[in-house]
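> Let me give you the structure first, and then I'll get to my questions.
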C-alpha cells in the first residue's frame with residue numbers, strides 16, 4: 001500500500017505540477033498540508049487524489065469556508081484579504097490539531113502554537129469591528145468547520161474504547177480552548193489599538 005503522507009516533491013509529481021506551484025497553492029490555503037516537527041510539508045495522498053478526480057479543484061479555497069451552509073451575517077464584515085487570512089489560519093489550525101491529537105500526550109508546543117493561531121484570528125477579527133459576542137460566534141463556526149474537516153481526514157484517530165474516546169475528546173477540547181483564549185487575546189489587543 002502506498003504511503004499516506006507525501007513530501008512536497010512526491011505530491012507535486014502526483015499532481016503533475018512544479019513543487020513551487022504546489023508550495024504557492026498550499027501557502028494560499030488551496031491545498032491542505034501539515035508540517036512535520038522539522039518544518040517540512042506533508043500532503044495527504046487521498047486529498048490530492050480527490051483534487052485530481054475533480055471533487056475539489058485547485059484554486060478553490062480549502063479550509064473553513066461557507067460551502068454547504070448559509071453564510072453567517074458576520075461574514076460580511078470580512079474583506080477578501082481577511083477571508084484569505086482566515087482560510088490560511090484555518091489550514092494551519094487543522095494541521096496543528098491533527099499533529100496534537102496524534103502526538104505525545106505532554107507536547108505543549110502544539111497548544112502554544114494553537115494559541116498563537118488563535119491570537120492571529122483574534123487580531124484579524126478585531127480589524128472588522130465585530131463585537132466580542134460576534135467573535136465567539138465566529139470561533140464557534142470555525143471550530144465546527146475544523147472539526148468536520150478533521151473527522152474526514154483519514155489520519156484522524158478512530159478510538160475503539162470509551163476511554164480512548166474520552167481521552168481524544170479531552171485532548172481536542174484542551175487544544176481548542178487554547179485557540180479560543182488566544183482568539184480573545186488577539187481581539188482585545190486589536191481593539192485596544194483602534
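> Could you list 17, 172, 125, 146 so that the one with the fewest beta carbons within 10 Å of its beta carbon is first and the one with the most is last?
On the way: 17 14, 172 18, 125 27, 146 21.
Lowest count first: 17, 172, 146, 125.
> Most mobile of 137, 164, 113 per a Gaussian network model of the chain (Cα springs, under 10 Å)?
Most flexible of the set in this elastic network: 164.
> While we're here: So what is the relative contact order for the range 63-194, in percent, with contacts set as C-alpha pairs under 8 Å and at least six apart?
On the way: 140 pairs, mean separation 52.9, N = 132.
Relative contact order comes out at 40 percent.
> Quickly estimate the mean residue ellipticity at 222 nm for the chain, helices only: each DSSP H run with n ≥ 4 gives -39500 (n - 2.57), and the total goes over all residues, rounded to 500. Before the final figure, lay out the partial values.
Values: 7 runs with 119 residues, N = 194.
My calculation for the chain gives -20500 deg cm²/dmol from helical runs alone.
> Sort 124, 191, 183, 102 by Cβ crowding within 10 Å, fewest neighbours at the top. The partial results should precede the final answer.
Values: 124 23, 191 18, 183 27, 102 13.
Result, fewest neighbours first: 102, 191, 124, 183.
> OK, next. Of 51, 110, 100, which is the most mobile in a GNM of the chain whose springs link Cα atoms less than 10 angstrom apart?
The residue with the greatest mean-square fluctuation here is 51.
> Right, something else. Would you indicate which of (1) 12.1; (2) 22.7; (3) 20.1 is the value of mean projected area of the Cα convex hull in nm² derived from the coordinates of this structure?
The value matching this structure is (1).
> What's the center-to-center distance, using Cα atoms, between the range 17-50 and the range 115-163 in Å?
After rounding, the separation between the Cα centres reads 21 Å.
> Which of 163, 49, 13 moves the most in a Gaussian network model of the chain with Cα springs under 10 Å?
Maximum among the listed residues: 163.
> Right, another one. Would you mind ranking 81, 47 so that the residue whose beta carbon has the fewest other beta carbons within 10 Å leads the list?
81, 47
> So for the range 124-194, averaging the separation of alpha carbon pairs under 8 Å that are six or more residues apart and normalising by length, what relative contact order in percent results? Please list the in-between numbers first.
Working: 22 pairs, mean separation 47.7, N = 71.
The value is 67 percent.
No value in this document is a laboratory result; all are computed from the given coordinates. Remember, it's a predicted structure, so these values are computed and weren't measured experimentally. All Cβ positions, even for glycine, are placed from backbone atoms using ideal geometry, and neighbour counts span all protein chains on display.
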